[in-house]
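A short worksheet on the structure shown next.
The values are calculated or read from the model by the stated rules, or taken from the named source; none is laboratory data. Quick caveat: nothing in here was measured; it's all calculated off a predicted structure. Neighbour counts run over all protein chains shown; Cβ positions are idealised from the backbone, glycine included. We work out accessible area using only protein heavy atoms, side chains counted, and drop any ligands, DNA or RNA first. Shrake-Rupley method; radii C 1.70, N 1.55, O 1.52, S 1.80 Å.
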Amino acid sequence: MRYMLLIYFDEQDLSETERQECYVDSVQLARELNSSGRYLAANPLHPVSTATSVRVREGKRLVTDGPFAETREQLGGYFLIDAKDLDEAIGTAAKIPMVHKGTVEIRPVVEIPGLPTG
Amino acid sequence: MTENAAGRAREMVEATYRSESRRVLATLIRLLGDFDLAEDALHDAFAAALEKWPKDGVPVKPRAWLVSAGRFKAIDTLRRRARYDASLETLALQLEADSRYVEPRESEGVEDDRLRLIFTCCHPALPPEARVALTLREVCGLTTEEIARAFLTAPPTLAQRIVRAKAKIKEARIPYQVPSRADLPDRLETVLQVVYLVFNEGYSASSGATLTRADLSGEAIRLGRLLLELLPEPEVSGLLALMLLHESRRVARTSPSGELILLDDQDRTLWNRGQIEEGLALVERALSSRRFGPYTLQAAIAAEHAKAQNGAATDWARIVGLYDLLVQANPSPVVELNRAVAVAMRDGPSAGLVLIDAILTRGDLDAYHLAHSARADLCRRLGKTVEARVSYQRALDLTQQETERRFLERRLAELPD
Amino acid sequence: MKYVCLCYEEEKKLKAMPKSEWDDIVRETYAYNEELHKNGRLITSQALQPTENATTVRVRNGKVSTTDGPFAETKEQLGGFFLIEARDLNEAIQVASRLSGARLGCIEVRPTMELS
């Protein structure tokens with residue numbers, strides 16, 4: 001079963017060194033997951049200052065600067081993994097570097113048969 | 001079979017339902033991998049027993065018979081549903097073919113199923129109120145109406161809570177298993193929280209539907225016993241002891257007219273000796289393990305009260321010592337407050353008042369009525385009538401409980417002018 | 001360059017929707033997904049189960065705490081995402097504006113960094 005692990009943390013509360021360490025540890029975790037066949041995808045995101053929100057209302061495209069909602073912690077990246085059950089997903093979430101400072105939200109993925117992915 | 005024997009068989013089905021239905025359910029959930037399907041199967045299995053046992057006699061292994069009947073009924077159900085949803089046919093075939101579905105042996109495997117059920121119902125990924133409802137429903141076998149009544153909740157709200165929790169177990173795939181050694185301490189904590197919450201819900205409410213609520217405490221104690229039997233960890237002993245020692249004072253803590261009676265004023269001959277003896281033995285067992293935690297420490301404190309002939313004979317020095325450990329194990333302003341009250345008993349009211357004022361100054365317990373009533377009590381004993389009045393009044397403004405309100409009003413009225 | 005298109009929609013509204021309307025949206029999403037896949041834009045896309053099935057994990061002082069529900073309660077909820085390859089933000093916005101989520105709620109477009 002696939003789970004999306006969404007990583008939220010306060011962007012302002014992260015030094016450049018911490019950011020670098022976080023990447024190194026995340027790559028390590030991704031490799032670990034990959035070696036046991038549980039890695040599907042992972043990406044850190046650029047800060048919310050680079051976010052753009054798109055809405056279409058009555059056929060008209062509305063593009064605004066910034067994220068969809070202002071929150072104290074922001075979505076900073078994700079892991080998409082394969083896990084046998086929720087406990088295994090929780091175990092992986094607890095290994096994500098930013099879980100110590102921020103929050104990891106686990107969302108089970110809807111299994112759609114036949115949906116093409118890359 | 002004679003009419004008499006048939007009647008006995010029917011009684012046997014009913015007795016088996018009371019003693020075995022939760023065990024059978026726990027195993028069926030594992031075998032079928034679905035709470036709702038397992039509940040239906042359980043129901044069908046007992047209906048089959050009611051039909052067959054009076055005719056054919058009671059089977060040698062009633063539980064195994066019921067599990068097996070339940071499994072076949074579930075396969076039938078899936079077959080019927082498969083007419084509308086073809087994917088279920090595969091599931092039914094799988095169930096039939098799967099080698100795990102041979103007769104369950106009468107071994108510890110079945111007891112494991114009950115532990116699996118407890119840990120699943122108390123999983124931290126479920127909302128706390130759903131954990132309580134689900135545990136009472138699935139592990140204790142209470143009906144939704146009974147649980148709703150005990151928690152003063154509307155039955156549809158409670159039913160919805162249970163439906164949602166079962167859906168999350170299925171959709172997010174919460175596993176049906178006992179946590180690994182490494183995860184056990186954290187996960188056990190959640191289970192103990194649920195049990196203690198059920199107990200307190202039945203214990204703190206001394207007004208209203210009194211009877212139903214005492215049942216809730218009884219249910220929590222039964223759960224505690226079951227848990228200790230399945231998982232003899234020191235903190236499980238500690239929690240069971242704590243509940244028994246509190247429960248032993250139930251009769252003594254309210255007057256016939258329903259007024260609250262403080263520990264010091266209780267008629268100790270009314271305390272339930274049997275529960276106290278059992279509680280004391282469990283505390284000893286937990287303390288000697290040296291792996292105990294906050295529940296055992298609270299039980300040890302309750303044990304000191306239980307052992308004392310009267311308030312004056314209480315070993316307050318030991319109680320303060322236990323609170324010191326509890327503050328370390330489980331730091332919280334409420335624990336500090338209780339420690340301050342114990343210090344007041346050991347060293348006199350002024351020593352306690354200094355500590356309570358320090359806690360209140362920090363602002364942590366400013367909205368907690370018991371902090372103000374404890375302060376009021378110490379002021380009263382020190383003859384600080386004006387301050388006592390202010391604090392009793394503040395406590396009165398904050399309390400939600402009817403008996404507590406009447407108690408505080410009495411205290412206020414008793415203060416000298 | 002890779003972008004994620006995060007689809008935020010109001011779960012309550014989607015649930016209240018008539019089945020036929022919902023089926024249309026699913027069909028439309030399938031078709032668009034197929035199209036993005038064929039022209040090499042799509043890296044992956046996933047639909048998420050509703051937030052009532054979310055679990056939140058934090059680790060503080062070495063202790064794992066698990067709670068029920070999403071990280072934050074918001075009016076609209078993250079319901080799925082598309083990881084796409086686009087030349088620039090304009091192209092990413094073009095892709096995003098054709099997602100059904102843009103009509104039903106809001107798509108947040110975020111450039112990603114590579115984990116290497």
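The C-A contact accounts for roughly 5000 square angstrom of buried accessible surface, both chains included, probe 1.4 angstrom. Going toward the positive end of the dipole of region A:2-108, with +1 on Lys and Arg Cβ and -1 on Asp and Glu Cβ, which of A:Phe9, A:Tyr78, A:Gln20 do you reach last? Result: A:Tyr78, furthest along the dipole toward the positive end. FRET efficiency for the pair B:Glu51 and B:Arg83, taken as 1/(1 + (r/R0)^6) with r the Cβ-Cβ distance and R0 = 30 Å, rounds to 0.75. For region A:2-108, the Cβ-based charge dipole about the Cα centre amounts to some 540 debye (Lys, Arg positive; Asp, Glu negative; other atoms uncharged). Taking label points 7 Å from Cα along the Cα-to-Cβ direction, B:Ala281 and B:Leu230 give a separation of 2.3 nm. When shorter helices are ignored and each DSSP H run of at least 4 residues is given -39500 (n - 2.57), the per-residue value for chain B at 222 nm works out to -23500 deg cm²/dmol. Counting Cα-Cα pairs of region B:305-356 in 5 Å increments starting at 0 gives whole-percent bin shares of 5, 23, 27, 25, 15, 5, 0. Per-residue extension of 0.36 nm, minus the Cα-Cα distance of C:Glu34 and C:Arg60, leaves a gain of 5.1 nm for this segment. Rg and Dmax over the alpha-carbon atoms of chain C stand at 16.0, 50 Å. Taken per residue, the accessible surface of region A:1-95 reaches 49 Å², heavy atoms only and a 1.4 Å probe. Once the C-beta distance of B:Arg290 and B:Ser332 is scaled by a Förster radius of 22 Å, the resulting FRET efficiency is 0.45 to the nearest 0.05. Kirkwood-type hydrodynamic radius, the protein assembly as shown: 28.7 Å, calculated from all non-identical alpha-carbon pairs. Extent of region B:1-71 along its three principal axes (Cα atoms, max minus min coordinate, largest first): 40, 18, 18 Å.
Once you place label points 7 Å from the Cα toward the Cβ at B:Asp324 and B:Thr153, how far apart are they in nm? A separation of 4.2 nm, rounded to one decimal place.
For region C:13-86, the residue among C:Ala54, C:Leu36, C:Ile84 whose Cα projects farthest onto the positive side of the dipole built from Cβ charges is C:Ala54.
Projected label points at C:Leu89 and A:Val63, each 7 Å from Cα along the beta carbon direction, are separated by 0.8 nanometres. Of the whole protein surface, B:Arg116 contributes about 50 Å² of accessible area at a 1.4 Å probe radius. For chain B, the normalised intensity computed at q = 0.06, 0.07, 0.08 Å⁻¹ comes to -0.33, -0.44, -0.55 (log10 of I(q)/I(0), Debye sum over alpha carbons, equal scatterers, no solvent).
Buried surface between chains A and B: roughly 700 Å² of accessible area, summed over both sides, computed with a 1.4 Å probe on protein heavy atoms only.
Largest first and in whole Å, give the semi-axes of chain A's equivalent ellipsoid, each being the square root of 5 times a Cα gyration tensor eigenvalue. They are 26, 22, 12 Å, listed largest first. Among the GluC sites (Glu not before Pro) found in region A:35-108, those both in a DSSP coil and sparsely packed, with 12 or fewer other Cβ atoms within 10 Å of their Cβ, are A:Glu58, A:Glu70. Peptide B:124-133 is shielded by partner chain Cβ atoms: per residue, an average of 4 of them sit within 10 Å of its Cβ. Comparing mean-square fluctuations of B:Arg22, B:Arg381, B:Arg30 from a GNM of chain B with C-alpha springs under 10 Å, the top value falls on B:Arg381. Legend: distances between Cα atoms for A:Lys95/C:Lys63; B:Lys168/C:Lys12; A:Lys95/B:Lys168; A:Lys84/C:Lys13; A:Lys101/C:Lys2; pairs beyond 20 Å are A:Lys95/B:Lys168; A:Lys84/C:Lys13; A:Lys101/C:Lys2. Divided by 2.2 N^0.38 Å, where N counts the residues, the Cα radius of gyration of region B:361-400 comes to 1.08.
Estimated at 0.36 nm per residue, the fully extended path between B:Thr2 and B:Ser204 surpasses their Cα-Cα distance by 67.6 nm. With every protein chain in place and a 1.4 angstrom probe, the accessible-area ranking of A:Val104, A:Val63, largest first, reads A:Val63, A:Val104. Taking R0 as 30 Å, what FRET efficiency do you get between B:Leu270 and B:Glu409 from their Cβ-Cβ distance, rounded to the nearest 0.05? Result of the calculation: an efficiency of 0.75. From the largest down, region B:125-232 spans 42, 32, 19 angstrom on the principal axes of its Cα atoms. The stretch between C:Lys13 and C:Val26, if pulled fully straight at 0.36 nm per residue, gains 3.2 nm over its current Cα-Cα span.
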